[in-house]
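All remarks here apply to the structure that follows.
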Amino acid sequence: MSAGSSAKITIVSGSSRLESRVRAVVGLAAETAGAAGATVEVVPLHELNLPVMVYGDRSQDDLPAVQTIRRRAAWADGFILCTPEYHGNMSGCLKNWFDFLYEELAGKFAGVLAVTGGGGGDMSITAVKTSFAWCHGFTLPYHVAARAVDFDAEGNLVNNMVADRIRRVAYDVVRYAPVVRGAFEEARRLGPGVQAGVAGAHT
């Protein structure tokens, strides 16, 4: 990827507390996306203290944390979403992030990373991809799960194969996100007719 990329990438750290393994994975993804030429913003959910989304409660729209995630999601061409795996699913705080968003994710592109205690990560990764798809977004058909054995006692990622896959995801998100968003926006300009495809539902 050339250093001249104009991609804007939001990386979401989907943990409700500061976990060293999640931090290591997010850090590598952010470093790689930046090296690929993207402008990168990291959204650390453990710092924002998002309230649980209450459907129909418009007063939540005015909360600084809600405004922050919506602003950063709307800004982004694409996302790298990292979740710890809890009970075979994404974290509750990442699902809550999704619950506050919809239009901000439509027509965008995402790569998915998971950190697990020992499982394969497939269930949590699938859950994240499903939620993103239901917001009319597109996901990379390639993903990464880092297990506990892939880190040292200090939480540093020491498995080079896993690190390699994380870098590949980051490069591909930077590569494809502007293309996907550009095509979606072009289709949206066609209006609400069927020729606009799914983008026509977002005019």
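The values are calculated or read from the model by the stated rules, or taken from the named source; none is laboratory data. Since the structure is predicted, the reported quantities are computational estimates derived from the model, not experimental observations. FYI the Cβ positions are ideal-geometry reconstructions off the backbone, even for glycines, and counts take in every protein chain you see. In case anyone asks, the SASA skips ligands and DNA or RNA and just uses the protein heavy atoms, side chains included. Shrake-Rupley method; radii C 1.70, N 1.55, O 1.52, S 1.80 Å.
Anything in region 21-35 that is among the β-branched types (Val, Ile, Thr) and either surrounded by fewer than 16 Cβ atoms within 10 Å (Cβ to Cβ) or touching a helix residue (DSSP H, G or I) at 6+ places or on another chain (Cβ under 9 Å) (or both)? List them, or say none. Spell out how you get there, then give the answer.
Within region 21-35, the subset among the β-branched types (Val, Ile, Thr) is 22, 25-26, 32.
Scanning region 21-35 gives 22, 25, 32.
Looking at the structure I just gave you, is residue 39 hydroxyl-bearing (Ser, Thr, Tyr) and free of Cβ contacts under 8 Å to residues at least 60 places away in the same chain? Give the steps one after another, and end with the answer.
On the way: hydroxyl-bearing (Ser, Thr, Tyr): yes; free of Cβ contacts under 8 Å to residues at least 60 places away in the same chain: yes.
Considered against the rule, which asks whether it is hydroxyl-bearing (Ser, Thr, Tyr) and free of Cβ contacts under 8 Å to residues at least 60 places away in the same chain, residue 39 comes out as yes.
So, in region 126-178, of the ones that are among the basic types (Lys, Arg) and closer than 24 Å to residue 7 by Cβ, which residue ends up surrounded by the most Cβ atoms within 10 Å (Cβ to Cβ)?
Looking at the filtered set, the residue picked out is 129.
Residues to consider are 74, 110; find the one that is aliphatic (A, V, I, L, M), within 18 Å of residue 178 (Cα to Cα) and open to solvent by 40 Å² or more (accessible area, probe 1.4 Å).
Matching residue, one of 74, 110: 74.
Here is a list of conditions, (1) within 23 Å of residue 93 (Cα to Cα); (2) open to solvent by 60 Å² or more (accessible area, probe 1.4 Å), and residue 192 meets all of them except one; can you say which number that is?
Unmet condition: (1).
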